[in-house]
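Here's the structure, in structure tokens; my notes come after.
The values are calculated or read from the model by the stated rules, or taken from the named source; none is laboratory data. Computed from a predicted structure; not experimentally measured. Methodologically, a virtual Cβ is constructed for each residue, glycine included, from the backbone with ideal geometry; neighbour enumeration extends over all protein chains shown.
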Amino acid sequence: MIGQPVDRVDGRIKVTGAAPYAADTKVPGVAYGYLVTSTIGKGSVTAMDTAAALASPGVLAVYTPFNPLKLFAYVQEQNDERFPPLQDNEVRFFGQAIGFVVAETWEQARDAAGLVTATYQQQPPATEFPGRTARRFDEVEEVVGTQALGDITFTATYTTPFQHHCAMEPHATVATWNGDHLTVYTVSQGALLVQRRLSETLGIDAAKIHVLSPHVGGGFGGKWGNWAQVPLACAASKALGRPIKAVLTREQVFAMAGHRPTTEQTLTMTCTADGKLTSIVNDGVTSRGLGGNWSESVANWTLTTYASPNIRVTKKIVPLNLGAATVMRAPGEANGSFALESAMDELAEQLGVDPVELRLRNYATLVPNTGKPWSSKHLDECYRIGAEEFGWAERPKGVRATVDGDWLVGTGMATATYGAGRGQASVKVRLHPDGTASVSGTAADLGTGQYTVFAILVADELGIPVSSVRPELGDSTSPAAANAGGSTSTGTNGPAVQVAAKAVQTELITLAVSNPRSPFHGKDPATVVDRDGSISSGGVTMSFGTLLTTCDVGGVEAVGTSPRLVDPEHGYRSFGAHFCEVRVHRLTGEPRVTRWRSVCDAGTIVNAKAARSQIQGAVVMGIGQTLLEATEVDHATGRFANANLASYLVPVHSDIPKIDVRFLNHPDPLVSGLGAKGIGELGIVGVAGAIANAVHHATGVRVRDLPITLDKLL
Amino acid sequence: MRAFDYAAAATVDDALKLARPGSAFLAGGTTLVDLMKLDVLTPDRVIDVNSLPLKGIRLHAGALRIGALERMSDVAAHPVVTAVHPMISRALLLSASWQLRNMASIGGNLLQRTRCDYFRDVTSACNKRRPGSGCPALTGVNRGHAILGTSDSCVATHASDVAVAFVALEAQVVVRGKDGDRTIPLDDFYRLPGSTPERENALAPGELVAEVVVPTLPWARHSTYLKIRDRQSYEFALTSVAAAVDLKRGVVQDVRLAAGGVGTKPWRLRAVEEALKGGVAMERTFADAAESAVDGARPLAHNAFKTSLLKRSIVRALLDAAGVR
């Protein structure tokens, strides 16, 4: 069953609207919270007038820095805000939460929020990103390596803009208390992250906090952290003795709920005359929003991609008056690969070598920065199969060589790699008298297909249909499984599901031989076989459902734990290669992606269908990253000027060609018995480079600044 | 969104009587409701005009007449429109999305407000929204803004596609007020911002757009509406060009050209039209003529590319409309 194309088990409830997302949660007596946000980019709030809001119909409370809800400092780093909201009057960025209005209806709360006025002591916000000319920066991290010279030197600088996750579901939280026990329905990439954060900031025992996040409408990193509406809804709910729902508006999501930072990379590569790299230096600069702590290690992808005796990457962090920068799908790799994959193409052209050939000449058979062997690596096969199926051999060598009507046609390729590994996870499997199994863990399904992975692995282990398995995710009372981040869900949770499913079969056999009502009572457990959902011994076969019914027990269950993989001897990554065709209009310059093929080496693929969707979704997001998406800052105010989905452009269907995806499906022998590595982020890595290279091949124009919009091609 | 009164009018007279300072007419609602949610518009009374008899698409006395309450999708699909003025249909189909086109009326489309992100954000200054408060777009984020017809008060682009086609086709609007009907050429209906960008058109308070009248022009069937944008659908134009060409033996006899995405109102390109007349329909002719399109253009920090893009768009649209390569 593993590796077959299986429909999502949660597909039907999602397309029929039955899946309960956080904002859909209906709690009797709920009141609504609405955030008031700063309208300056830097300074402090000196006074707030809440009288009109408090007198407004339906208003229950208005909280401000002058009338705050008590929240304790955040301890665990969650790549989100540095400070709990309303605990001080400093304004670090435009759109920062400075108030929280609670009213009987959402409209009343929004109306009243508009009546709150703030008086500021205002300072000019710092929002311009100077790149490597920055005079003020947090630190320089000299990451690793040395510099050396070769026969040939190539150097260039690549820049990327602010971008936003734009998950379809906005951030929403519903909090309700029963005595000193809190139940919270919220958007999250990991229920335990919410529990930990709330325990810290509310100052209560984690055991008294029940987090439910069964369905998440897209995360991409933006729902890893817990943004201002989470603690405020919970604290206000306690203070008012009312359940409270708080949903961010789209503009608020843009301003305060994280963004991909702007970056600059200056790559200097030296190589021998036959194209063997002798050194790679990547000097990276990233912005950090002063609302948060996180910054992007944009140059680090250079450490592990190509063989070179000398590799050196640096990092400079420029703090800006913006909300927190945070992880966004392949944070570091998506931007980092744009620079290195563009530079490899530029170097190939300078050398007169085919871009695939140059990558093969610098193929890293060992981890470049550690010299250790890989757990498994079939990237060369990805190049070969991708090139064959794409028709790379027919590619004209020169630029601007293919014209189709008014369209200049070019092709490009790039490498994808993303980290892999295995963390610790625990999962519970329970067998029920009706012949079904349930499987639970705190894991999250952000639309990734994790529910279906759980169902497939249980069904495979027990020998029952996928439809007989009920996966239950996103509940903090379940055993602690992996959060959805860093492409680790299947690689970490999958083995734990297998362990738990095996353990529950042992429990079942124990029941079969020990329960007096069982037809197998008294038999030697070694003679009892559990296969295809049935117990057999001595010619008697009984389905587990019938056995549980016969024994009159409510079910049997087992928790399985798969430990963290500790292997200092190997490097673990997923790999892939992208090949694409781009057309650029000769007069008006619009770049359009018209053909795509990705070949991925990500170990065992559990669900061929959802895995393909993951790569396709990542390529779609990468096309947006490369051709469309940029959040522009109005430097006078520090406001993201296009903080809405009409002006911040994500791709529409007509921007996306057919995306062919192939998985090599070679199990990784060291990562786990399952052999699965991650695929959630792999697919976006290299997309920008592949498109930039195809645009150059089509037009002869090299664009080193994302997004590649038509104005750069006129 | 602020609280407001709602009233539905059954007749045009009712609607005109209900109108008062601070009221707004509601047709499809795709601009009005959108801007009310953002607090950009805060009418205290909303007058629903959807039941008014301002409907119908017909050919009459040498003109295509479109009722102001006809929906964009119905106009785009109407056989008389596609037969007489396919340019109108094409401009409509390249606008917005199916869902919006099913709701938005033709009258409302002509009156839609700019997509300037400063206009749409109430924390920002904006001379159009709050006269005298200033224009941050002049020095701020202005890639999408206008290069033609701008002033020191406002550089916001007019957002409509179909208005560009209408201006090229010399359409007129019939507006109805308490004192009866007025018929105004659409090109004159729109005002340049000057120092009063809050006044966008010739509509007096309490007047309704009743009808759009487009003269027939047999050769304008050889036409196109070209829309250039970053993504392929559901985006406002960076540039757009409505073009119709009358050719005889490869020579331009007559031509109509108007541009969108570049002007503070739909921008008729009369100088380019004059330069084209009598010319041989070929790319070089088109490119030479297009040079005058940007006379008087005032590019800003982020939209300077529009001068080049506009000229290139004109060439591309003319090649399409004339059917030459």
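Go through the stretch B:221-230 and count every residue that is touching a His at 6+ places or on another chain (Cβ under 9 Å), within 29 Å of A:L714 (Cβ to Cβ) and more than 8 Å from chain A (Cβ to nearest Cβ). If you could, list the steps in order and put the result at the bottom.
So in the stretch B:221-230, the residues touching a His at 6+ places or on another chain (Cβ under 9 Å) come out as B:221, B:223, B:228.
With within 29 Å of A:L714 (Cβ to Cβ) added as a condition, the list becomes B:223, B:228.
Within this subset, residues satisfying the condition of being more than 8 Å from chain A (Cβ to nearest Cβ) are B:223.
Result for the stretch B:221-230: 1.
For A:T550, state whether it is at pLDDT 95 or above, farther than 30 Å from A:M168 by Cβ and within 14 Å of chain B (Cβ to nearest Cβ).
Values: at pLDDT 95 or above: yes; farther than 30 Å from A:M168 by Cβ: yes; within 14 Å of chain B (Cβ to nearest Cβ): no.
So A:T550 does not fit the description; no.
Within the stretch B:288-304, the set of residues being among the aliphatic types (A, V, I, L, M), in contact with a Lys or Arg (Cβ under 7 Å, 6 or more places away or on another chain) and within 11 Å of chain A (Cβ to nearest Cβ) comprises just one member, B:A290.
For the stretch B:203-219, indicate whether the set of residues that are within 14 Å of another protein chain (Cβ to nearest Cβ) and either at positive phi or surrounded by 19 or more Cβ atoms within 10 Å (Cβ to Cβ) (or both) is non-empty. No, there is no match, as no residue in the stretch B:203-219 is within 14 Å of another protein chain (Cβ to nearest Cβ) and either at positive phi or surrounded by 19 or more Cβ atoms within 10 Å (Cβ to Cβ) (or both).
Any idea which of B:R325, B:R298 is surrounded by fewer than 24 Cβ atoms within 10 Å (Cβ to Cβ), more than 21 Å from B:C154 (Cβ to Cβ) and not β-branched (V, I, T)? Outline the logic, then answer.
Working: B:R298 fails: more than 21 Å from B:C154 (Cβ to Cβ).
So the residue among B:R325, B:R298 that is surrounded by fewer than 24 Cβ atoms within 10 Å (Cβ to Cβ), more than 21 Å from B:C154 (Cβ to Cβ) and not β-branched (V, I, T) is B:R325.
Criterion applied to A:R612, A:R595, A:R583 was being under 27 Å from A:P495 (Cβ atoms), among the basic types (K, R), buried (at least 18 other Cβ atoms within 10 Å of the Cβ) and at pLDDT 95 or above, and the one residue passing it is A:R612.
Checked against (1) in contact (Cβ under 8 Å) with a residue 24 or more places away in the chain; (2) more than 14 Å from chain B (Cβ to nearest Cβ), A:V582 passes all but a single condition, namely (2).
Restricting to the stretch A:199-248, and then to whatever is free of Cβ contacts under 8 Å to residues at least 12 places away in the same chain and part of a helix (DSSP H, G or I), can you tell me which residue is surrounded by the most Cβ atoms within 10 Å (Cβ to Cβ)? Within the stretch A:199-248, the match that is surrounded by the most Cβ atoms within 10 Å (Cβ to Cβ) is A:S199. Out of A:V318, A:V313, one residue alone is under 30 Å from A:P568 (Cα atoms), touching a residue at least 24 places away in the same chain (Cβ under 8 Å) and part of a strand (DSSP E or B). It is A:V313.
In this structure, does A:G412 turn out to be within 30 Å of B:R316 (Cα to Cα) and more than 20 Å from the chain's Cα centre (by Cα)? If you could, list the steps in order and put the result at the bottom.
Working: within 30 Å of B:R316 (Cα to Cα): yes; more than 20 Å from the chain's Cα centre (by Cα): yes.
Yes: the conditions hold for A:G412.
Is at least one residue of the stretch A:633-640 of a type in the set (V, I, T) and within 12 Å of chain B (Cβ to nearest Cβ)? Yes, the stretch A:633-640 has at least one match.
Apart from one condition, B:T307 fits all of (1) touching a helix residue (DSSP H, G or I) at 6+ places or on another chain (Cβ under 7 Å); (2) outside any strand (DSSP E or B); (3) more than 14 Å from chain A (Cβ to nearest Cβ); the exception is (3). Taken together, A:N300, A:N293, A:N282 contain a single residue that is within 22 Å of A:G95 (Cα to Cα) and not assigned by TED's automatic domain parsing to the domain that holds A:T37, which is A:N293.
Select, from B:R249, B:R199, B:R229, the only residue that is among the basic types (K, R), free of Cβ contacts under 8 Å to residues at least 60 places away in the same chain and under 24 Å from B:E291 (Cβ atoms).
B:R229
Quick check: is even one residue across the stretch A:466-487 out of contact with any helix residue (DSSP H, G or I) (no Cβ under 6 Å at 6 or more places or on another chain) and closer than 18 Å to A:L547 by Cβ? The answer is yes, given that some residue of the stretch A:466-487 is out of contact with any helix residue (DSSP H, G or I) (no Cβ under 6 Å at 6 or more places or on another chain) and closer than 18 Å to A:L547 by Cβ.
Among the strands (runs of 3 or more DSSP E) lying completely within the stretch A:509-581, list those that include at least 3 residues that are small (G, A, S).
Working: elements: A:529-531, A:534-537, A:540-543, A:556-562.
Per the criteria, A:534-537, A:556-562.
Against the list (1) touching a Gly at 6+ places or on another chain (Cβ under 9 Å); (2) in a helix (DSSP H, G or I); (3) β-branched (V, I, T), the condition B:I314 fails is (1).
Please work out which residue is nearest to B:V162 (Cα to Cα), limiting yourself to the stretch B:231-249 and to residues that are more than 14 Å from chain A (Cβ to nearest Cβ) and either of a type in the set (A, V, I, L, M, F, W, C) or part of a strand (DSSP E or B) (or both). Can you show your working first?
Of all residues in the stretch B:231-249, those more than 14 Å from chain A (Cβ to nearest Cβ) come to B:242, B:244-249.
Checking the rest, the ones that are also either of a type in the set (A, V, I, L, M, F, W, C) or part of a strand (DSSP E or B) (or both) come to B:242, B:244-248.
Numbers: B:A242: 9, B:A244: 14, B:V245: 18, B:D246: 21, B:L247: 24, B:K248: 28 Å.
My answer is B:A242.
In the stretch B:10-17, the condition of being more than 30 Å from A:G114 (Cα to Cα) and within 22 Å of the chain's Cα centre (by Cα) is met by no residue. Among the residues that make up the stretch A:652-665, is at least one of them of a type in the set (A, V, I, L, M), within 14 Å of chain B (Cβ to nearest Cβ) and surrounded by fewer than 20 Cβ atoms within 10 Å (Cβ to Cβ)? Among the residues of the stretch A:652-665, at least one is of a type in the set (A, V, I, L, M), within 14 Å of chain B (Cβ to nearest Cβ) and surrounded by fewer than 20 Cβ atoms within 10 Å (Cβ to Cβ), which makes the answer yes. Mind checking whether some residue in the stretch A:429-440 is in contact with a His (Cβ under 6 Å, 6 or more places away or on another chain) and either closer than 27 Å to A:N483 by Cα or in contact (Cβ under 8 Å) with a residue 40 or more places away in the chain (or both)? Scanning the stretch A:429-440 turns up no residue that is in contact with a His (Cβ under 6 Å, 6 or more places away or on another chain) and either closer than 27 Å to A:N483 by Cα or in contact (Cβ under 8 Å) with a residue 40 or more places away in the chain (or both). So, in the stretch A:683-714, exactly how many residues are away from chain B (no Cβ under 13 Å), surrounded by 24 or more Cβ atoms within 10 Å (Cβ to Cβ), in contact with a strand residue (DSSP E or B) (Cβ under 6 Å, 6 or more places away or on another chain) and farther than 12 Å from A:G412 by Cα? Qualifying residue count, the stretch A:683-714: 1. Within the stretch B:96-136, the set of residues being among the small types (G, A, S) and touching a residue at least 60 places away in the same chain (Cβ under 8 Å) comprises B:A96, B:S97, B:A104, B:S105, B:G107, B:G108. Consider the stretch A:284-310 and keep the residues that are aliphatic (A, V, I, L, M) and not in a loop (DSSP other than H, G, I, E, B). The one that is surrounded by the most Cβ atoms within 10 Å (Cβ to Cβ) is A:V285. The set of residues in the stretch A:397-421 being touching a residue at least 40 places away in the same chain (Cβ under 8 Å), within 14 Å of chain B (Cβ to nearest Cβ) and assigned to a loop (DSSP other than H, G, I, E, B) consists of A:D406 alone.
Kindly indicate whether any position in the stretch A:94-111 is part of a helix (DSSP H, G or I), touching a Gly at 6+ places or on another chain (Cβ under 7 Å), touching a residue at least 40 places away in the same chain (Cβ under 8 Å) and more than 20 Å from A:A255 (Cα to Cα). Full working, then the answer.
Filtering the stretch A:94-111 for residues part of a helix (DSSP H, G or I) gives A:106-111.
Filter once more, so that each one left must be touching a Gly at 6+ places or on another chain (Cβ under 7 Å): A:108-109.
With touching a residue at least 40 places away in the same chain (Cβ under 8 Å) added as a condition, the list becomes A:108-109.
Subset that is more than 20 Å from A:A255 (Cα to Cα): A:108.
Yes, that holds for at least one residue.
Scanning the stretch B:140-155 for residues that are among the small types (G, A, S), within 14 Å of chain A (Cβ to nearest Cβ) and within 16 Å of the chain's Cα centre (by Cα) returns a single hit, B:G144. Restricting attention to the stretch B:103-137, which residues are within 11 Å of another protein chain (Cβ to nearest Cβ) and either under 22 Å from the mean Cα position of the chain (by Cα) or not hydrophobic (A, V, I, L, M, F, W, C) (or both)? B:R115, B:C116, B:D117, B:Y118, B:R120, B:D121, B:T123, B:S124, B:G134, B:P136, B:A137 - these are the residues of the stretch B:103-137 that are within 11 Å of another protein chain (Cβ to nearest Cβ) and either under 22 Å from the mean Cα position of the chain (by Cα) or not hydrophobic (A, V, I, L, M, F, W, C) (or both).
Under the condition of being within 13 Å of A:F575 (Cα to Cα) and in a loop (DSSP other than H, G, I, E, B), the residues counted in the stretch A:368-385 number 4.
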